Amino acid sequence: MPYSLDKAKLISNLETKYGVSADKATPWQLHNAIGEQVTELIAPSWNKSTKAHLSSRRAMYLSMEFLMGRAVYNNLLCLGLLGNADTLLKDLGADINSLEEIEDAALGNGGLGRLAACFLDSAATLDLPLDGYGIRYKYGLFRQSFVNGWQCEAADNWSQFGDPWSVRREQESVVVEYGGGVFVRAVPYDMPIIGYGTNHIGTLRLWQAEGTSGFDFAKFDRGDYLGATASDREAENISAVLYPNDNSYEGRLLRLKQEVFFSTASVKDAIRHHLNAGRDLRDFHKYHAIQLNDTHPVLAIPALIDELTRVYNLDFDAAFDIAKRTFNYTNHTIMPEALEKWDSTMLIDVVPRLFKVLVQLNERFISEMYAKDFTKAHIENMKLISNSNTVAHMARTAVYAGGAVNGVAEIHTEILKASVLKDWYSLDPEKFQNKTNGITPRRWLALCNPELSALFTELLGSGDWVRDTDKLKPLAKYADDMSVIDKFVRIKEIRKQKLADYIEKREGVKIAPSFIFDVQVKRLHEYKRQLLNAFSILYIAYGIKSGEIKDFQPTAFIFGAKAAPAYTRAKTIIKYINEIAKFIKSDPQLRDLIKVLFVQNYNVSYAEYLVSGADVSEQISTAGTEASGTGNMKFMQNGTVTLGTYDGANIEIVREAGEENNYIFGAKVEDIEKFGPNYDPRKIILDDSKIEKVLLSLIDGTLSDDGSGNFRELYYSLLEGASWHKADNYYLLYDLRSYVDAKLQLNRDFVGDKRGFYKKCWLNAVNAGFFSSDRTIKDYAENIWRIKAEASRFTKF
Ligand code: 26Q
């Protein structure tokens with residue numbers, strides 16, 4: 001073991017820096033002292049790795065979001081120091097679990113941000129030269145609580161007590177220029193990304209916005225005390241807060257400034273490194289591959305072209321050619337409301353020079369299309385700036401001015417090719433690739449489920465599956481070995497108890513581990529259909545009451561989700577589910593059979609408990625709407641069955657684990673294409689009085705929306721539609737019956753043959769290897785970035 005913690009040093013750091021003796025130290029003080037010691041321990045390896053990255057071809061992952069979660073346990077795990085820290089803290093009279101009070105770094109919303117974090121982990125572990133670039137928001141994703149069943153938001157000041165994992169690199173600051181002669185300083189904070197069992201360490205560079213003016217003494221002398229630092233405050237605003245939207249676009253000025261800020265700073269950073277290494281800028285693309293995490297960083301493209309042409313005097317053709325060879329774009333959503341478009345007027349105001357480059361790109365594109373004899377109408381649909389030059393399309397810009405384009409699951413890539421980016425696919429089919437998402441097995445198995453990890457290691461006689469999850473596949477042979485399945489069931493019970501304890505601590509609610517734990521956790525969105533889950537619960541509850549449903553295995557239906565603060569319908573769905581919970585709790589006939597719980601402030605740390613303590617993974621988005629999903633993979637890896645639709649990566653999950661080991665229901669994309677245009681949900685409630693009864697709970701007073709009228713709005717959105725969408729546009733009522741059937745089948749399977757049920761779970765866990773982000777990252781490295789692991793340069797342990 002190359003590393004070990006130094007107890008004496010920890011004690012003296014607590015005394016000198018924090019002014020406390022070890023036995024009086026708070027969790028924060030302990031956390032920071034450990035963080036500081038680890039950072040010091042790894043400094044030589046980190047420096048060496050950084051040098052290696054900058055001296056070879058490397059990839060940069062540009063993302064508005066990095067949903068890192070709590071760093072301390074993961075970093076200790078990767079360095080092999082978890083046991084060491086545990087005993088050391090015990091010696092000091094402290095408990096390693098007390099570090100759970102340390103908040104997550106939630107600089108992301110959901111899937112896209114967490115994927116970025118998993119990718120960095122995988123690249124670090126695989127010795128691949130990849131670095132992350134993003135924004136160091138002062139406030140991350142809001143903290144959520146429920147008051148009377150309604151979501152309330154509070155600010156997430158995640159670094160309030162310090163941030164021992166980041167290093168501020170003042171001397172590497174760059175200046176970003178906005179229209180009107182406004183300058184903002186971008187100061188990098190670097191976080192080490194520690195590879196598992198290797199001394200290779202990647203970097204996440206997060207830019208913080210600061211003023212350039214320093215202090216305006218002229219204003220101060222005139223008595224304008226606030227004005228003296230006003231422009232600094234305005235600059236700092238840029239990295240103040242993460243936009244809480246997930247899968248929806250908002251054309252706000254501050255958001256545009258954020259995108260410009262980190263895209264430009266990152267490009268300037270790359271150019272500086274390139275020149276410092278004594279290289280020719282014409283070779284920029286030979287040393288850099290830049291991955292755009294959705295369109296949010298697309299302005300990096302005009303930013304690079306602008307720098308190369310204006311500052312370094314390359315001609316436009318050469319700069320454009322370099323851009324095409326440098327940038328690649330990943331699409332994460334087909335929801336039309338999430339596709340970024342910026343008004344030209346805004347771009348002209350904020351980034352006149354970048355807009356000028358976009359105009360040049362657009363003109364170039366139009367000429368090329370004319371030369372290929374495309375019709376005017378066709379070109380109009382593809383132009384980078386359309387509607388008489390008033391709207392700039394970021395996805396189109398990314399496809400035109402970049403290299404590879406990819407979707408994040410097979411079905412998603414096919415949908416991109418066939419509809420969202422159809423014209424672009426026929427123009428340039430070879431640009432399109434699929435990269436099915438993945439998750440890091442370090443955080444999502446080794447760390448969050450030590451019990452199952454230990455069983456895998458015991459059966460395989462080695463722990464090297466943590467770096468190569470394909471090694472788990474042969475464990476499928478134990479599916480018929482009852483002694484192994486019984487061990488697995490026992491582990492499940494332990495994890496369920498741990499989850500139940502955690503829930504009791506956080507929510508004050510008790511759940512018995514004998515219940516089936518059925519979990520749906522993800523952002524709240526209509527397309528993800530938490531409301532469908534709610535309807536099915538009410539349907540089953542009514543069925544139990546009427547005597548139609550018998551021998552029901554008690555089930556806890558657990559939800560976790562944050563709703564974007566301005567998304568009223570999503571917030572109404574949270575309230576509705578909380579009302580169902582109350583309704584069931586107050587019914588003596590139901591309360592011992594069904595428990596409904598919406599946990600508060602679902603985040604990465606909560607997810608670690610939920611995915612490892614679940615029996616059933618709810619993945620029930622309308623077919624064709626969820627690009628991939630990654631929560632589905634985390635549950636699978638921990639041994640759950642998927643209760644889900646033919647959507648996103650669910651399709652690949654059942655391909656790996658067997659459809660017979662999961663519960664798949666509902667309309668497929670092809671079905672929806674057929675019946676969709678004639679779909680009338682009113683016909684469904686007319687045919688099925690039980691569904692009707694469930695739906696009426698929204699308007700008949702069974703459940704209360706506190707007089708807001710929000711439940712009624714939800715009801716009409718399903719049966720009448722609204723100005724911007726047709727009735728039940730996510731086909732909840734269409735899928736409800738087959739969903740309930742699947743849920744009841746699952747319940748009967750559990751009752752009839754519990755071992756058989758957990759055998760399915762086992763087969764999911766051991767067949768989840770494909771969904772390691774190591775596999776995904778290798779694919780990006782080989783087929784898009786063309787970067788190589790420099791394994792020989794790093795020590796393994
Ligand atoms: C855009 C403009 C302005 C404000 C916000 C946004 C914005 C922010 C976040 C748009 C979209 C997002 C997030 C999208 C997202 O998380 N997509 C998810 O990506 C996962 C990783 O690929 C997939 O697994 C999920 O299926 C997909 O929903």
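Bear in mind these aren't lab numbers, they're just calculated from the coordinates by the rules spelled out. Here the structure is a predicted model, which means the values were calculated and not measured. With ideal geometry, Cβ positions are generated from the backbone for all residues, glycine too; neighbour counts draw on all protein chains shown.
Quick notes
- Mean-position separation - Cα centroids, region 317-359 and region 472-538, in angstrom: 43
- Taking only the Cα atoms of region 513-671, the radius of gyration and Dmax are 15.4, 43 Å.
- Only Cα sites of the chain enter the Debye sum here, all with the same form factor; the resulting log10 I(q)/I(0) across q = 0.07, 0.08 1/Å is -0.53, -0.70, listed in q order.
- Amide hydrogen neighbours beyond the local backbone of residue 156, cut-off 5 Å, H modeled: 140, 143
- Calculated on the Cα set of region 621-757, radius of gyration then Dmax: 17.1, 50 Å.
- Put the Cα centre of region 758-797 next to the Cα centre of region 407-466 and the gap is 9 Å.
- Length added when fully stretched, residue 175-residue 150, from 0.36 nm per residue minus Cα-Cα: 4.7 nm
- Of the peptides 36-42, 651-657, the ranking by mean beta-carbon count within 10 Å, highest at the top, reads 651-657, 36-42.
- Environment charge of residue 330, counting only residues whose C-beta is closer than 10 Å and scoring Lys/Arg +1, Asp/Glu -1: 0
- Taken one residue at a time, the phi angles of region 573-589 give Karplus couplings (6.51, -1.76, 1.60, θ = phi - 60°) of 5, 4, 4, 4, 5, 5, 6, 4, 4, 5, 4, 5, 4, 7, 9, x, 6 Hz. Gly and Pro are set to x.
- DSSP beta bridges confined to the chain are antiparallel in about 45 percent of cases.
- Mean separation of Cα contacts under 8 Å, 6 or more apart, over the residue count of the chain: relative contact order %: 14
- Each residue of region 374-389 is assigned a 3J(HN,Hα), and the resulting list reads 6, 6, 4, 5, 4, 5, 4, 6, 10, 3, 5, 10, 10, 6, 6, 6 Hz, derived from the Karplus form 6.51 cos²θ - 1.76 cosθ + 1.60 (θ = phi - 60°), x at Gly and Pro.
- Highest mean packing first, where packing is the average number of other Cβ atoms within 10 Å per residue, the peptides 174-183, 436-445 line up as 436-445, 174-183.
- Model label zone, residue 182; criterion: amide N under 20 Å from point 7 Å along Cα-to-beta-carbon; scope region 367-395: 392
- The alpha carbon centroids of region 691-721 and region 210-276 are separated by 44 Å.
- In this structure, the amide hydrogen of residue 105, modeled 1.01 Å from its nitrogen in the peptide plane, lies closer than 5 angstrom to those of 69, 70, 71, counting only residues at least 5 positions away or on a different chain.
- For region 336-395, relative contact order (Cα pairs under 8 Å, six or more residues apart, normalised by length) works out to 50 percent.
- Estimated purely from DSSP H runs of n ≥ 4, each contributing -39500 (n - 2.57), the mean residue ellipticity at 222 nm for the chain is -13500 deg cm²/dmol once divided by its residues.
- Other residues lying with their Cβ under 15 Å from the Cβ of residue 686 contribute a combined charge of -1, Lys and Arg counting +1, Asp and Glu -1.
- Placing a pseudo-label 7 Å from each Cα along the Cα-to-Cβ vector at residue 723 and residue 55 gives an inter-label distance of 6.3 nm.
- Packing, as the average of other Cβ atoms within 10 Å across residues, places the peptides 93-99, 195-201, 576-582 in the order 195-201, 576-582, 93-99, highest first.
- Residue order, fewest to most surrounding Cβ atoms within 10 angstrom, among 705, 481: 481, 705
- What the phi angles of region 754-759 give under the Karplus curve with 6.51, -1.76 and 1.60, with θ = phi - 60°, is a coupling list of 4, 4, x, 5, 6, 5 Hz, glycine and proline written as x.
- Dipole of the chain, positive direction: furthest Cα of 66, 77, 744, with charges on the beta-carbon: 77
- Under-5 Å amide H pairs with residue 664, H placed in peptide plane, nonlocal only: 644
- When region 108-161 is described by a simple charge dipole with +1 on each Lys and Arg Cβ and -1 on each Asp and Glu Cβ, the residue from 130, 113, 144 located farthest towards its positive end is 144.
- Region 550-633, relative contact order [Cα under 8 Å, separation at least 6], %: 34
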